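Beneath this line is the structure, given in structure tokens, with notes to follow.
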Amino acid sequence: MAAAAVHKKEALVRIARRDSMATWKSIGIRIIAVIISLVVSGFLIYAIIKENPLKVYESMWNGAFGSTRRVWITARDTMMLLCIAVGLAPAFKMKFWNIGAEGQILVGGIATAACMIYLKSLPAWLLFLCMFVASCIAGAVWGLIPAMFKAKWNTNETLFTLMMNYVAIQLTSFFVAQWENPFGSNTVGVINQGTKEGWFPPIFGQEYLLNVIIVMALTVGMFIYLKYSKQGYEIAVIGDSQNTARYAGISVRKVFVRTMLISGAICGLSGFLAVSGASHTISTSTAGGRGFTAIIVAWLAKFNTFTMIAISVLIVFLEKGAIEIASKYNLNDYVSSMITGIILFFILGSEFFINYRLIFRSKSKEVA
Amino acid sequence: MTGFISLFQAAVVFGTVIMFGAVGEIITEKSGNLNLGVPGIMYLGGIASLAGSFMYENYTENPSTFICVVIALVCAFVAAALGGLIYSFLTITLRANQNVTGLTLTIFGSGVANFFGGSLNKLAGGVGQISVAATSSGFRAGLPLLSRIEGPIGKLFFNYGWLVYVAIVIAILAQWYLNRTRTGLNLRAVGENPATADAAGINVTAYKYFATCIGAGISGLGGMFYVMDYTKGTWANDGTIENLGWLAVALVIFTTWRPKNAIWGAYLFGILYWAYFYIAGLTRSSQEIFKMLPYVVTIIVLIMISLRKKRENQPPEALGLAYFREDR
């Protein structure tokens, strides 16, 4: 009798950590999560616009890949998001919560725009080099400040980097007011519209091919850096346990500062992509929340830069698709953030089933 | 003097939005949950109150102001608490990463709010922008008797909608709850060291859920105050709530996790935010530099508390960390 009472107390479900899971299984779980979330979003869309969700998804597809030009724009925006995520990967891998990509992008963008405005008389290749270097340095400095305080006094980096975003946003507003064109518009307008100085040159006639090349190079480079270099290994050790790292003689402070320099520089570089390679202007919406979205991309990809490509494509596809639905059904395009949110919730939730397994109370035990 | 009065008034109204947000987030963070979804939650609260009162005002002949206000309050609190529930379910039960989940909640909340805020009227078959005049006037009603006081004293202290005073009361109650009640102390124990709290027989999961959902509900009232009082019952897709939400997160640090400090801290942030408007001779670009002030001050506070290492000023020890009993 007493034994029976004890059994009654045993929980219906127990949770245990999984050691590992076959790759195909974990991919399968994620795909199932995405499908469920698309179904849920489908119901939501149906409730709002009373249109067959499949038709809606079809027009989303058209919005993202409907024409060659759209494919290229989707590619350009995917590369931008991917670039930021690649930049964040090393920081997050060592569990340094760099929420400040948004600001790092903006200061990189400011630096690029400054070069385009003040150095436009330089030869094209030199101007290009200047923009590249300036944006990297600006982003690196923005990443370095919180890293130094973290290394020296253990200042909370999540909150510090978050605040740095807003300092950067105000800095951007300041420069927008300085450079406004035409006067009184409170926007910078397209910089060097007539002469296209400092714009990414088309390669093989493709306006955005250079964006793709740069970001792909970074993606491969970062993958190798994290996986095969000594510094990448140090990052991994610190991410697992700072105490282990110290015991192994790794200078945690040094790695914090070094990694945030790299992380900030790449995020600054994506500001360069955004200004010089895409919009040719600077505003407070140049980063447009992508610094935050990229955090989710980097996290979900478990810092594997190739997985990030797939997730970036998915998110940008949703964005473009939602804009298409919005214009088609006369809604506003914030529907994309809503759907993105739902899908990310499901993917985040699915991680649980990859990392843990549920053990149901077994019948045999009860008999025994 | 008139300049100071109008600056102070602007600061109080502005501060109330972030005071709600910050007090809610303090309760959440005291349980060890760093919810970066505050902007999203405030968005949810704002839009739910607007949608609820809009439906009521639209489908009733003579909307009663009292019912308008109750509907808006309930909608805002429930919607925001539901946002907190999504966050809790993902981070506590499904053990997802807190920062990432919070940011996703912000994306989701801003999407939902701006989507419905921009198209609610269209979906309901109307034209133009949405507006809930009756509800808004209900919220902007001042305190009885006291609001009639004339002169600078009246203008400085009694010239606001009643929610301004509710915010102060909630902050004081939260302070009392966290420091003077048994459950409040238990909650702090969960945020400081969940393993110890668990060993002491405190239901860690229940406390985390409770604190996060109630905290989110309170933060959501900030969004509602913004919509009903600050913008007088209208909606604009201009991202202001998101900025205010992050400022609320900043204020949490500034208060060193004490709700009572949120009262003056929020007004101080308001003064810092609006100071540029009242300083003569600023160009438009230098005004932007001035608007940095609240963030820069927060950074300085953050650095100071990490420098001085006073134990009572530190963030909750287990802030941002998930607790799994099995992982110990």
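The values are calculated or read from the model by the stated rules, or taken from the named source; none is laboratory data. None of these values were measured; they are calculated from a predicted model. Virtual Cβ from ideal backbone geometry, glycine too; neighbours counted across all protein chains shown.
Filter the range A:324-342 for residues that are of a type outside the set (Gly, Ala, Ser) and more than 8 Å from every other protein chain (Cβ to nearest Cβ) and give the result. The answer is A:Glu324, A:Ile325, A:Lys328, A:Tyr329, A:Asp333. When the range B:204-227 is filtered for residues that are over 14 Å from the mean Cα position of the chain (by Cα) and among the aliphatic types (A, V, I, L, M), the ones remaining, listed by number, are B:Val204, B:Ala206, B:Ala211. Of all residues in the range A:22-81, those being over 30 Å from A:Ala278 (Cα atoms), of a type in the set (A, V, I, L, M, F, W, C) and assigned to a helix (DSSP H, G or I) number 17. Between B:Tyr87, B:Tyr56, the distinction of being within 14 Å of chain A (Cβ to nearest Cβ), in a helix (DSSP H, G or I) and out of contact with any Asp or Glu (no Cβ under 7 Å at 6 or more places or on another chain) belongs to B:Tyr87 only.
Name the pairs: first residue in the range A:44-64 and surrounded by 13 or more Cβ atoms within 10 Å (Cβ to Cβ), second residue not in a helix (DSSP H, G or I), Cβ to Cβ under 8 Å, at least 6 apart or on different chains? Filtered contacts from the range A:44-64: A:Ile45/A:Glu51; A:Tyr46/A:Asn52; A:Ile48/A:Leu331; A:Ile49/A:Tyr329; A:Ile49/A:Leu331; A:Glu51/A:Tyr329.
Taking the range B:3-37 as the range and being under 20 Å from B:Pro294 (Cβ atoms) and of a type in the set (Val, Ile, Thr) as the test, the residues that pass are B:Val12, B:Val13, B:Thr16, B:Val17, B:Ile18, B:Val23, B:Ile26.
Looking at A:Gln178, A:Gln104, A:Gln193, A:Gln170, which is the one that is over 28 Å from the mean Cα position of the chain (by Cα) and either within 14 Å of another protein chain (Cβ to nearest Cβ) or buried (at least 24 other Cβ atoms within 10 Å of the Cβ) (or both)? When all the criteria are applied, what remains is A:Gln178.
Being in a helix (DSSP H, G or I) and either within 14 Å of chain A (Cβ to nearest Cβ) or in contact with a Ser or Thr (Cβ under 6 Å, 6 or more places away or on another chain) (or both) holds for only one residue in B:Ile27, B:Ile47, and it is B:Ile47. With respect to being away from every other protein chain (no Cβ under 14 Å) and β-branched (Val, Ile, Thr), A:Ile250 fits the description. Do the conditions hold for A:Ile224, that is, is it within 30 Å of A:Trp153 (Cβ to Cβ) and of a type in the set (A, V, I, L, M, F, W, C)? Spelling it out, it is not the case that A:Ile224 is within 30 Å of A:Trp153 (Cβ to Cβ) and of a type in the set (A, V, I, L, M, F, W, C). Residues in the range A:159-190 that are modelled with pLDDT under 85 and under 14 Å from A:Asn98 (Cβ atoms): 1 in all. Looking at the range B:307-323, can you tell me whether even one residue there is more than 7 Å from chain A (Cβ to nearest Cβ), in contact with a helix residue (DSSP H, G or I) (Cβ under 6 Å, 6 or more places away or on another chain), in contact (Cβ under 8 Å) with a residue 12 or more places away in the chain and under 17 Å from A:Ile145 (Cβ atoms)? No: the range B:307-323 contains no residue that is more than 7 Å from chain A (Cβ to nearest Cβ), in contact with a helix residue (DSSP H, G or I) (Cβ under 6 Å, 6 or more places away or on another chain), in contact (Cβ under 8 Å) with a residue 12 or more places away in the chain and under 17 Å from A:Ile145 (Cβ atoms). Checking each residue in the range A:344-355 for being of a type outside the set (A, V, I, L, M) and crowded, with 17+ Cβ neighbours inside 10 Å picks out A:Phe345, A:Phe346, A:Gly349, A:Ser350, A:Glu351, A:Phe352, A:Phe353. Just one of the listed residues (A:Phe345, A:Phe352) is under 20 Å from the mean Cα position of the chain (by Cα), assigned to a helix (DSSP H, G or I), within 7 Å of chain B (Cβ to nearest Cβ) and farther than 18 Å from A:Leu54 by Cα, namely A:Phe345. Regarding A:Arg246, is this residue assigned to a helix (DSSP H, G or I) and free of Cβ contacts under 8 Å to residues at least 40 places away in the same chain? Answer is yes for this residue. Any residue that is within 14 Å of chain A (Cβ to nearest Cβ) and either in a loop (DSSP other than H, G, I, E, B) or at pLDDT 75 or above (or both) - is there at least one of those in the range B:129-152? Yes: the range B:129-152 contains one or more residues that are within 14 Å of chain A (Cβ to nearest Cβ) and either in a loop (DSSP other than H, G, I, E, B) or at pLDDT 75 or above (or both). Scan the range A:263-281 and give yes if some residue there is outside any helix (DSSP H, G or I) and within 11 Å of chain B (Cβ to nearest Cβ), otherwise no. No. Filtered by the rule that a residue be of a type in the set (Gly, Ala, Ser) and facing chain B (nearest Cβ under 9 Å), the range A:143-167 gives no residues.
Any idea which residue in the range A:300-335 is surrounded by the most Cβ atoms within 10 Å (Cβ to Cβ), counting only those that are over 22 Å from A:Leu54 (Cα atoms), touching a residue at least 24 places away in the same chain (Cβ under 8 Å) and not polar (S, T, N, Q)? Checked the range A:300-335; the qualifying residue surrounded by the most Cβ atoms within 10 Å (Cβ to Cβ) is A:Met308. Residues in the range A:120-131 that are out of contact with any Phe, Trp or Tyr (no Cβ under 7 Å at 6 or more places or on another chain) and in contact (Cβ under 8 Å) with a residue 60 or more places away in the chain: A:Lys120, A:Ala124, A:Leu127, A:Phe128. Per this entry, A:Val220 is counted among residues that are touching a Ser or Thr at 6+ places or on another chain (Cβ under 9 Å), in a helix (DSSP H, G or I), closer than 17 Å to A:Phe306 by Cβ and of a type outside the set (Phe, Trp, Tyr).
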